[in-house]
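Encoded as structure tokens, the structure appears first; notes follow it.
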Amino acid sequence: MKEYNWAILGCGVVANEMAAALTGVGKKICAVGNRTHEKAVAFAEKYHVGRVYDDLNEMFTDPDVDVIYITTPHNTHIRFLREALSNGKHVLCEKSITMNSAELREAIDLAKKNHVILAEAMTIYHMPIHKELRRRVASGEFGDVNVITMNFGSYKEYNMKNRFFNKALAGGAMLDIGVYAIAGARCYLKSKPDQVVSKVTYAPSGSDEKSGIVMMNREGQIVTICLTMHSKQPKRAMISCDKAYIEIMEYPRAEEAVITWTETGEKEIVRAGKQDRALAYEMEDMEKAIGGDPSDMCLDYTADVMDLMTGIRKDWGYTYEGEVF
């Protein structure tokens, strides 16, 4: 298999996780770029990265770079996607991949035009436990999926300068945690929901703090979602089918699920993958896609999720600073 040269844009927490994942399996990080140059230098020293850019634009034209992993704030993604994709770079971009569906359509068009792979770094699409459960759901083993319940609650202090509450950085519950809940539901549904109702309340900064969402698709499958950025609740997924229900705790990086069979009450524990390899699975699927098999990148799900999030925010009348739908 060809060895691909990775570059990392951004040096935050998740960038460090990906760097550890890449170096842990002997992959080469050829370059790093960051808004704060000193932070990029420290990152390069920590992970033995050979190149630090003085100008971020150098990353997009560097002939030695095959794949760029983008980890910057949401509001910067489309600008960097345009540059990377237009210069023929494959891109794995942190969630949420863009602020809205118009931006994502533009990025997808650029990827097609330049014959490169574009994907969102959504752990749910790549964790082995979800791949196994999706396979079994699709097989009909559990009967039809009827109702899906997704919870995600993260407690963040009211620091209005923090990106989680900063509308200028596209902060808020929808793009930070709602994307996980909606993606987790979408990959177990037969089709994208076409009926959506929701309620929202806002943080003092004006960012979306908590919301309740109910969705239904043309097959009559129903999804309920509860999000909050200021109250802790378990990351719990419940997939209720005719013959069984499936519980997945800590679903973004799950390695275990419990299946309870309706008729007997018998419980089956399913284990697959390791939580600490979550980003390694993303990287491996990305390289497989570049090599010619993009089946595990789930860009169609990414587009559906972005459509849903954008539509919900339009219903709220809620836009990010500088955003154009």
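Can V49 be described as closer than 22 Å to E284 by Cα, surrounded by 13 or more Cβ atoms within 10 Å (Cβ to Cβ) and within 26 Å of the chain's Cα centre (by Cα)? Taking the combined requirement at face value, the residue satisfies it.
Per the listing L92, L104, L81, the residue uniquely without any contact (Cβ under 8 Å) to a residue 40 or more places away in the chain, touching a helix residue (DSSP H, G or I) at 6+ places or on another chain (Cβ under 6 Å) and over 18 Å from N166 (Cα atoms) is L81.
Here's the yes/no breakdown for (1) over 12 Å from T149 (Cα atoms); (2) among the aromatic types (F, W, Y); (3) surrounded by fewer than 20 Cβ atoms within 10 Å (Cβ to Cβ):
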position	(1), (2), (3)
G178	yes, no, no
S191	yes, no, yes
Q195	yes, no, yes
K199	yes, no, yes
N217	yes, no, yes
I222	no, no, yes
H230	yes, no, yes
A237	no, no, no
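Taking the stretch 258-279 as the range and being of a type in the set (A, V, I, L, M, F, W, C) and in a strand (DSSP E or B) as the test, the residues that pass are V258, I259, W261, I269, V270. A count restricted to the stretch 109-146 and to residues that are in a helix (DSSP H, G or I), small (G, A, S) and more than 19 Å from the chain's Cα centre (by Cα) stands at 2. Taking the listed residues I312, I246, I213, the one that is β-branched (V, I, T), within 19 Å of Q195 (Cβ to Cβ), at pLDDT 95 or above and in a strand (DSSP E or B) is I213, with no other qualifying.
Residue-level check: of (1) within 17 Å of the chain's Cα centre (by Cα); (2) modelled with pLDDT under 95; (3) surrounded by fewer than 15 Cβ atoms within 10 Å (Cβ to Cβ), G12 misses just (3). For the stretch 36-84, the tally of residues that are over 24 Å from L169 (Cβ atoms), out of contact with any strand residue (DSSP E or B) (no Cβ under 9 Å at 6 or more places or on another chain) and assigned to a helix (DSSP H, G or I) stands at 3.
The values are calculated or read from the model by the stated rules, or taken from the named source; none is laboratory data. Because the structure is predicted, anything quoted here is derived from the model rather than measured. Quick reminder, even Gly has a Cβ in these numbers, built from the backbone with ideal geometry, and neighbours come from all protein chains shown.
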